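Report on one structure; see the data block that follows.
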Amino acid sequence: MDKVIFHIDVNSAFLSWEAVYRLHHLGGKLDLREIPSAVCGDTEKRHGIILAKSIPAKKYNIKTGEAVWEALRKCPGLTMVPPNYNLYQKSSEAFLLLLKQYSPMVEQYSIDEAFVDMTGTDALFGTPEEAAEDMKERIYRELGFTVNIGVSNNKILAKMASDFKKPYRVHTLWKHEIQTKMWPLSVSELFFVGRATFSKLHNLGIKTIGELAQTDPTILKNHFGKHGEVIWSFANGIDFSAVEPVPPPNKGYGNSTTISFDVTDSNTAKLVLLSLAETLSARLREDGIKIGVVSVGIKNYNFEYLGHQKTLSAPTNITKEIFEASCQIFDEMWDKVPIRHLGIHTSRVTSESNRQLNIFDTTDYEKLERLDKAIDEIRKRFGSDSIKRASFVQTRSIDHMSGGISREKRTVNYNNEIIM
């Protein structure tokens, strides 16, 4: 039986979810999707980039990821709204729940994308095209937002198809349609071809996906290594990856934050590292795993990046241990240039605990583990702000649990918003 794979992509997800909430729950009259608008971060906290934009905003060449001031220069009348990640998470969960009514084989690819294995569902939902149309209409009717659905025999072709003309469309890209629908496209449209790869391909005279597909894979491997073989396979519609309802285990955990001011002293920098270690180690403990490598990344006010790592003597998820390792790495590499962004990243993930006794190490690791567990339980029951370290009490400029989604992005006080 031939595989049937759908890729479902929410159109302008954050902005669509924001628009639906404002229209149907706050009594708004203006649909953000129909005007030049964008969801963007807080410029005062240096998170001022475009996170999502409406289709009318695209006409002004506004791009996701660009600075707010650049977007306003292109479109002075741009309507901007703050992000609300709690709303987006709930919208994503409702989206995935609906998809699972069509098949148990649903793989969440991102907060606003998913693959669904629809193989063998013809008797329930009709042809793949009919099932996709029904799914598209149901999502709009029941959840209020639009999606694009790509239909094919594998994941890469389904994803490529969903990126064809938007919004609110179903597109097929069966294997016999590759040459007519995909090969004429610019090679920059192919999944896994970024700006650097596109530039190299262009220098080789490869401008379309079809030209890439017909290039000798040996040539591509010589120029791009393993990546050359991958993009050649994708250009030819070859992809054997399965839809995975259960995500694979994390290979590493990370946490970072953009600081609202330039950090010029090590004490403040280490306070930021402590706040990152708090959040990161709590995630490790929640997932029941430990890490063996800690790395620290610094981005200075010139946007230059430094990074170093340290292998620990034993895997850990203890906050104090991860923090102290981060501080040691920081002291070894910081060049005193003012800091804009700090991050802690970890790897060598394991579920095993094999700490060896050392007569020269007097640290009571069991006591530290009990302390972390007690703090986790208090925060889970009474909220993350119910207990904090004394070093954070005297400062409001640094959140005691930084990183990930910043507080101002997690929810929005709509009483302070003008709902049109």
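The values are calculated or read from the model by the stated rules, or taken from the named source; none is laboratory data. Owing to the predicted nature of the structure, the values given are computational and were not obtained by experimental measurement. Because the Cβ atoms are built from the backbone with ideal geometry, glycine has one as well, and the counts that use them run over all protein chains shown. Heavy atoms of the whole protein, side chains included, go into the accessibility calculation; ligands, DNA and RNA do not. Shrake-Rupley method; radii C 1.70, N 1.55, O 1.52, S 1.80 Å.
Within the range 251-290, how many residues turn out to be among the charged types (D, E, K, R), part of a helix (DSSP H, G or I) and touching a Phe, Trp or Tyr at 6+ places or on another chain (Cβ under 9 Å)?
Narrowing the range 251-290 to residues among the charged types (D, E, K, R): 251, 262, 265, 270, 278, 283, 285-287, 290.
From what is left, the residues that are part of a helix (DSSP H, G or I) are 270, 278, 283, 285-286.
Subset that is touching a Phe, Trp or Tyr at 6+ places or on another chain (Cβ under 9 Å): 270, 278, 283.
So the count comes out to 3.
In the range 334-390, what count of residues is obtained for those that are surrounded by 14 or more Cβ atoms within 10 Å (Cβ to Cβ), at pLDDT 90 or above and assigned to a helix (DSSP H, G or I)?
The number of residues fulfilling the criteria is 7.
For the range 1-58, how many residues are part of a helix (DSSP H, G or I) and of a type outside the set (S, T, N, Q)?
Keep residues of the range 1-58 that are part of a helix (DSSP H, G or I), which gives 13-24, 32-34, 43-45, 55-58.
Still in the list and also of a type outside the set (S, T, N, Q): 13-15, 17-24, 32-34, 44-45, 55-58.
Count: 20.
For the range 313-320, does any single residue satisfy the condition of being in contact with a Leu (Cβ under 8 Å, 6 or more places away or on another chain), over 20 Å from E278 (Cα atoms) and buried (at least 17 other Cβ atoms within 10 Å of the Cβ)?
No - not one qualifying residue is present in the range 313-320.
Any residue in the range 355-366 that is closer than 23 Å to I289 by Cα and of a type outside the set (S, T, N, Q) sitting within a Cβ distance under 7 Å of a residue that is surrounded by 10 or more Cβ atoms within 10 Å (Cβ to Cβ) and modelled with pLDDT under 80? List the pairs, counting only those 6 or more apart or interchain.
Y365/R355
How about the range 237-264: which of its residues are among the acidic types (D, E) and within 30 Å of V187 (Cα to Cα)?
Of the residues in the range 237-264, the ones among the acidic types (D, E) are 239, 244, 262.
Answer for the range 237-264, where residues must be among the acidic types (D, E) and within 30 Å of V187 (Cα to Cα): D239, E244.
Of all residues in the range 172-203, which are open to solvent by 70 Å² or more (accessible area, probe 1.4 Å) and in contact with a Phe, Trp or Tyr (Cβ under 8 Å, 6 or more places away or on another chain)?
K181, F192, K200
Return yes or no: is G237 at positive phi, surrounded by 18 or more Cβ atoms within 10 Å (Cβ to Cβ) and out of contact with any Cys (no Cβ under 9 Å at 6 or more places or on another chain)?
Values: at positive phi: yes; surrounded by 18 or more Cβ atoms within 10 Å (Cβ to Cβ): yes; out of contact with any Cys (no Cβ under 9 Å at 6 or more places or on another chain): yes.
The answer is yes for G237.
So, in the range 269-302, of the ones that are of a type in the set (D, E) and open to solvent by 30 Å² or more (accessible area, probe 1.4 Å), which residue ends up farthest from I398 (Cα to Cα)? Outline the logic, then answer.
Of all residues in the range 269-302, those of a type in the set (D, E) come to 278, 286-287.
Then drop every residue that is not open to solvent by 30 Å² or more (accessible area, probe 1.4 Å), which leaves 286-287.
On the way: E286: 24, D287: 26 Å.
Ranking the candidates gives D287 first.
So which of T79, T64 ends up being modelled with pLDDT of 90 or more, surrounded by fewer than 21 Cβ atoms within 10 Å (Cβ to Cβ) and under 23 Å from K166 (Cβ atoms)?
T79
List the helices (runs of 4 or more DSSP H) inside the range 183-228, counting only whole elements, that have at least 3 residues being touching a residue at least 40 places away in the same chain (Cβ under 8 Å), more than 17 Å from K159 (Cα to Cα) and out of contact with any Leu (no Cβ under 9 Å at 6 or more places or on another chain). Quick ask: steps written out before the conclusion?
Working: elements: 195-203, 209-213, 217-224.
So the answer is none; nothing clears 3.
Would you pick out the residues in the range 94-111 that are among the acidic types (D, E) and under 11 Å from L143 (Cβ atoms)?
Residues satisfying the conditions do not exist here.
For Q108, work out the one condition from (1) open to solvent by less than 70 Å² (accessible area, probe 1.4 Å); (2) assigned to a strand (DSSP E or B); (3) of a type outside the set (A, V, I, L, M, F, W, C) it doesn't fulfil.
Of the numbered conditions (1) open to solvent by less than 70 Å² (accessible area, probe 1.4 Å); (2) assigned to a strand (DSSP E or B); (3) of a type outside the set (A, V, I, L, M, F, W, C), the odd one out for Q108 is (1).
Looking at this structure, is F240 hydrophobic (A, V, I, L, M, F, W, C), out of contact with any Gly (no Cβ under 9 Å at 6 or more places or on another chain) and either under 17 Å from G150 (Cβ atoms) or in a helix (DSSP H, G or I) (or both)? Give the derivation first.
Working: hydrophobic (A, V, I, L, M, F, W, C): yes; out of contact with any Gly (no Cβ under 9 Å at 6 or more places or on another chain): yes; either under 17 Å from G150 (Cβ atoms) or in a helix (DSSP H, G or I) (or both): no.
Answer is no for this residue.
Count, please, the residues in the range 141-159 that happen to be part of a helix (DSSP H, G or I), open to solvent by less than 10 Å² (accessible area, probe 1.4 Å) and either among the hydroxyl-bearing types (S, T, Y) or closer than 22 Å to S16 by Cβ (or both). Spell out how you get there, then give the answer.
We begin by selecting, within the range 141-159, every residue part of a helix (DSSP H, G or I); these are 141-143, 155-159.
Then keep just the ones that are open to solvent by less than 10 Å² (accessible area, probe 1.4 Å); that gives 156-158.
Imposing the further condition that a residue be either among the hydroxyl-bearing types (S, T, Y) or closer than 22 Å to S16 by Cβ (or both) reduces the set to 158.
Residues that pass the stated criteria total 1.
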